[in-house]
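**Q** I have a structure here, written as structure tokens, and I will follow up with some questions on it.
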2 protein chains.
Amino acid sequence: MPTLIVGANVKGKPNYMTAAWATVACMAPPMVCVALNKTRYTAKGIEENKTFSLNVPSVKQVVETDHCGLISGTLADKSTVFRSTYGKLKTAPLAEECPVNIECRLFKSVDCGSHLLYIGEIVEIHADASCLTDGKPDITKINPIVYAQSAYFGVGKQVEKAFSAGKSYRK
Amino acid sequence: MPTLIVGANVKGKPNYMTAAWATVACMAPPMVCVALNKTRYTAKGIEENKTFSLNVPSVKQVVETDHCGLISGTLADKSTVFRSTYGKLKTAPLAEECPVNIECRLFKSVDCGSHLLYIGEIVEIHADASCLTDGKPDITKINPIVYAQSAYFGVGKQVEKAFSAGKSYRK
């Protein structure tokens with residue numbers, strides 16, 4: 001699972017929490033989704049503004065990333081863990097140190113039980129110029145964090161090209 | 001993103017497709033979600049039976065995995081790409097060669113535009129004994145496939161423990 005930072009303004013102040021239960025939900029229009037426990041402080045901000053951000057931290061930000069997963073915004077002010085900027089949406093704080101930031105407008109929330117699945121339409125994606133190759137975000141430069149079994153991992157080496165390796169398949 | 005194989009019976013026959021737009025949607029009850037283009041053959045099977053499986057292939061299965069993403073079930077019979085078994089749900093085919101198989105009962109589908117987001121309640125999880133450490137699935141033994149920028153990657157080395165590394169954070 002990808003390790004991400006969910007940004008939301010709560011009572012007008014940026015808050016950041018760590019999440020790994022997130023993925024792409026749609027291609028056209030482009031959407032993402034993220035599952036948050038209903039009790040999360042961040043959930044209040046998403047409900048309040050109907051906006052949020054997904055930020056992709058690099059392995060370099062692993063301490064800040066884990067900090068945002070360890071402590072709730074109800075107990076600690078996490079507004080300065082990252083430098084916050086705003087893009088097209090004026091209420092979705094973007095974590096500047098993270099190489100990729102995705103601005104989302106809430107499309108729908110689905111009540112699944114303990115968690116709400118927030119589905120957001122992507123309004124804009126920002127990427128650090130230093131992470132681009134031929135104008136596109138490059139995972140080897142972003143160096144994102146894989147989350148599994150209560151630990152953070154790097155991304156390993158490329159194994160194969162997609163839409164290519166399968167051509168050698170013969171029944 | 002995790003590279004997964006979605007299994008569904010279509011007209012009574014197993015079909016497998018590759019997907020990377022999937023994540024956990026809820027903890028209690030445990031749920032997952034996966035986004036599928038509306039035109040997918042697999043989507044017909046999910047609608048038909050209200051069940052599906054998510055199978056976690058290992059790097060060893062990268063050719064079969066890519067094959068299932070290259071060609072549609074409308075054009076090719078993919079029922080024998082993997083050996084199929086069934087668990088508690090009698091209509092969600094499990095790809096035996098994949099070290100982890102998740103049986104899901106459809107909870108809800110959300111129309112997002114080009115894609116339907118299928119949310120499924122987990123009914124059972126099967127894992128190969130060879131992939132367990134102290135009775136739990138071990139990512140270093142599963143050796144799953146990370147998908148990004150039209151390529152497959154392995155998982156890299158562990159960087160930090162979660163709920164731990166952040167304790168060294170000081171403002």
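**Q** 5 Å is the cut-off here: which amide hydrogens, built 1.01 Å from N in the peptide plane, fall below it relative to B:Gly156, excluding neighbours closer than 5 in sequence?
**A** A:Gly154, A:Val155, A:Gly156
**Q** Per residue, how many Å² of accessible area does chain B show with a 1.4 Å probe?
**A** Normalised by residue count, the accessible surface of chain B is 43 Å².
**Q** Give the list, by residue number, of cysteines in chain A with no other Cys Cβ closer than 4.7 Å, or say none.
**A** A:Cys33, A:Cys68, A:Cys98, A:Cys104, A:Cys131
**Q** Of all accessible surface on the range B:25-171 at a 1.4 Å probe, what whole percent is carbon and sulfur?
**A** Looking at the range B:25-171 in its full context, I get 52 percent from C and S.
**Q** Report, by chain and number, residues whose modeled amide H sits under 5 Å from the one on B:Trp21, excluding near sequence neighbours (fewer than 5 apart, same chain).
**A** Hits under the 5 Å cutoff: B:Ala35.
**Q** Another question, then. For peptide A:35-43, how many partner chain Cβ atoms fall within 10 Å of a residue's Cβ, on average?
**A** Per residue, the average neighbour count from other chains is 1.
**Q** Under the Karplus relation 6.51 cos²θ - 1.76 cosθ + 1.60, θ = phi - 60°, what is the ordered set of whole-Hz ³J(HN,Hα) values for the range A:72-88, x standing for Gly and Pro?
**A** Values per residue, Gly and Pro as x: 7, x, 6, 9, 9, 7, 9, 5, 10, 5, 10, 6, 9, 10, 10, x, 5 Hz.
**Q** Nearest 100 Å², what total accessible surface is buried between chain A and chain B (probe 1.4 Å)?
**A** Chains A and B together bury approximately 5100 Å².
**Q** Report, in debye and to the nearest 20, how large the dipole of the range A:1-136 comes out about its Cα centre when Lys and Arg carry +1 and Asp and Glu carry -1 on their Cβ.
**A** With Lys and Arg at +1 and Asp and Glu at -1, about 360 debye.
**Q** Check which residues have an amide H placed less than 5 Å from B:Asn15's amide H, if you skip close sequence neighbours.
**A** Under 5 Å from the amide H of B:Asn15: B:Ala8, B:Asn9, B:Val10.
**Q** Kindly write out, for the range B:8-16 in residue order, the coupling ³J(HN,Hα) from the Karplus curve 6.51 cos²θ - 1.76 cosθ + 1.60 (θ = phi - 60°), rounded to whole Hz, with x marking Gly and Pro.
**A** Taking θ as phi minus 60°, the curve returns 8, 7, 10, 6, x, 10, x, 9, 10 Hz for the range B:8-16.
**Q** Please compute the Kirkwood hydrodynamic radius of the protein assembly as shown from all pairs of different C-alpha atoms, in Å with one decimal.
**A** 20.3 Å
**Q** With +1 on each Lys and Arg Cβ and -1 on each Asp and Glu Cβ, and nothing else charged, work out how big the dipole of the range B:95-148 is about its Cα centre, in Debye to the nearest 20.
**A** In debye, rounded to 20, the range B:95-148 gives about 180.
**Q** I've got another one for you. So how strong a dipole does the range A:55-126 carry about its Cα centre when Lys and Arg Cβ are +1 and Asp and Glu Cβ are -1, to the nearest 20 debye?
**A** 160 debye
**Q** So, one more: Just tell me which lysines come within less than 30 Å, Cα to Cα, of B:Lys13; anything on the same chain fewer than 8 places away is out.
**A** A:Lys161, A:Lys167, A:Lys171, B:Lys38, B:Lys44, B:Lys50, B:Lys60, B:Lys78, B:Lys88, B:Lys90, B:Lys108
**Q** Specify whether the C-alpha gyration tensor of the range B:1-115 places it in the rounded, prolate or oblate class, a ≥ b ≥ c being the square roots of the eigenvalues: rounded for a/c under 1.5, otherwise prolate if a/b is larger than b/c and oblate if not.
**A** Cα axes put the range B:1-115 in the rounded bin.
**Q** Report, ordered by chain and residue number, the aspartates and glutamates lying within cross-link reach of B:Lys141, taken as a straight Cα distance under 13 Å and ignoring same-chain residues fewer than 8 apart.
**A** B:Asp128
**Q** Residues with beta-carbon under 14 Å from that of A:Val100, excluding A:Val100: net charge, scoring Lys, Arg +1 and Asp, Glu -1?
**A** Cβ neighbours under 14 Å give a net charge of -3.
**Q** Another one. In deg cm²/dmol, rounded to 500, what helix-only [θ] at 222 nm does chain A give when every DSSP H run of at least 4 residues adds -39500 (n - 2.57) and the total is split over its residues?
**A** My calculation for chain A gives -3500 deg cm²/dmol from helical runs alone.
**Q** Could you order peptides B:6-13, B:37-44 by the average number of other Cβ atoms within 10 Å of their residues, highest first?
**A** B:6-13, B:37-44
**Q** Ordered by residue, what ³J(HN,Hα) values in Hz, to whole numbers, does the range B:22-32 give under the Karplus form 6.51 cos²θ - 1.76 cosθ + 1.60, where θ = phi - 60° and Gly and Pro are x?
**A** 8, 7, 7, 10, 6, 8, 9, x, x, 9, 10
The values are calculated or read from the model by the stated rules, or taken from the named source; none is laboratory data. Here the structure is a predicted model, which means the values were calculated and not measured. Every residue, glycine among them, receives a Cβ derived from its backbone with ideal geometry; neighbour counts consider all protein chains shown. Calculation scope for accessible area: heavy atoms of the full protein, side chains included, ligands and nucleic acids excluded. Shrake-Rupley method; radii C 1.70, N 1.55, O 1.52, S 1.80 Å.
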